[in-house]
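Contents: one structure, followed by commentary.
What follows is calculated from the coordinates using simple rules that are stated; it is not laboratory data. Every value quoted in this text rests on a predicted model; they were computed, and no experiment measured them. Quick reminder, even Gly has a Cβ in these numbers, built from the backbone with ideal geometry, and neighbours come from all protein chains shown.
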Amino acid sequence: MNAKKAYTAATVIRDIQRGRPEKALKSLEKLMKDNQENPALWNLKGVALGMMGEHERSLDCYEKVLEIDPGPAVYWNNKGLALQNLGFYPEAEQMYLKALEREPDSLEARYNLANTLQSMERYEEALEYYEKVLYDRPDHILTMLNMGNALAALRRFDEAVSVYLEILEISPEYPDAAYNIGHTYEEQGKQDDAAIWYTRTLEIDPDYHHARERLELFRNC
């Protein structure tokens with residue numbers, strides 16, 4: 001790739017990072033006219049399409065990527081993410097496992113695999129992968145949040161609340177953690193405790209509609 005094309009590829013990456021997938025795709029169309037066998041460009045196209053919610057087209061891109069170069073773990077991970085977004089969870093699981101065969105320490109593949117396992121209600125297995133992510137990134141808030149959700153699904157409520165509280169220690173203004181504490185208490189029939197945390201959620205984010213709805217329901221009971 002010559003200097004001009006390398007510069008254009010860099011602008012594509014920058015546009016993706018800045019949340020401008022449509023602009024990235026326009027640049028990619030020009031780049032790919034005489035680079036149809038470049039896996040990195042197909043991968044970027046898949047990422048941009050995924051950002052736009054075009055998951056089937058994104059999946060087609062990743063299949064093309066892997067035809068050209070099945071080596072890098074990131075390509076398998078990205079195909080898994082497209083499958084996951086389409087609701088094909090068993091197929092996504094296999095892609096993440098292939099990614100981990102190539103890069104056993106991939107945080108992204110572990111995290112995505114855990115979420116996929118949780119979507120299939122395989123909560124214990126999901127917890128194992130969340131724990132692996134947190135071993136390397138103990139402050140990874142989304143992993144902590146989803147780990148709490150898996151614990152709550154297993155009715156391990158005290159552990160779930162502890163995880164959500166850890167999130168609030170790291171990020172005190174994180175409304176999802178406060179809301180999930182409220183929801184966990186509500187699941188246990190502890191309406192007063194739930195109301196406290198739904199109220200706290202609205203203090204953090206006054207537009208958090210689910211918390212407002214739950215409080216209104218309590219008042220009308």
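What is the Å³ per residue value for the convex hull set by the Cα atoms of segment 25-144?
On the way: hull volume 12.1 nm³, N = 120.
Convex hull of Cα atoms, per residue: 101 Å³.
Under unit Cβ charges (Lys, Arg +1; Asp, Glu -1), what dipole magnitude, rounded to 20 debye, does segment 1-69 have relative to its Cα centre? List each step's numbers first, then the result.
Values: 12 positive and 11 negative charges, 109 e Å.
The calculation lands at about 520 debye.
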So for the chain, taking the charge dipole from beta-carbon charges (+1 Lys/Arg, -1 Asp/Glu), which of Ser171, Pro138, Gly87 sits furthest toward the positive end? Gly87
What's the center-to-center distance, using Cα atoms, between segment 1-78 and segment 159-221 in Å? 40
Give the Cα extents of the chain along the principal axes, in whole Å, largest first. 65, 35, 28
Per 10 Å bin, what percent of the C-alpha pairs of segment 1-69 does each bin hold, from zero upward? 23, 56, 20, 0
MRE, 222 nm, helices only [DSSP H, n ≥ 4, -39500 (n - 2.57), over the chain, to nearest 500]: -25000 deg cm²/dmol
Segment 96-131: GluC sites (Glu not before Pro) falling in loop per DSSP and having at most 15 other Cβ within 10 Å: Glu121
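Return the subset of Lys30/Lys132; Lys26/Lys132; Lys79/Lys132 for which the Cα-Cα distance in this structure is over 31 Å, preserving the input order.
Working: Lys30/Lys132 41 Å; Lys26/Lys132 38 Å; Lys79/Lys132 22 Å.
Listed pairs above 31 Å: Lys30/Lys132; Lys26/Lys132.
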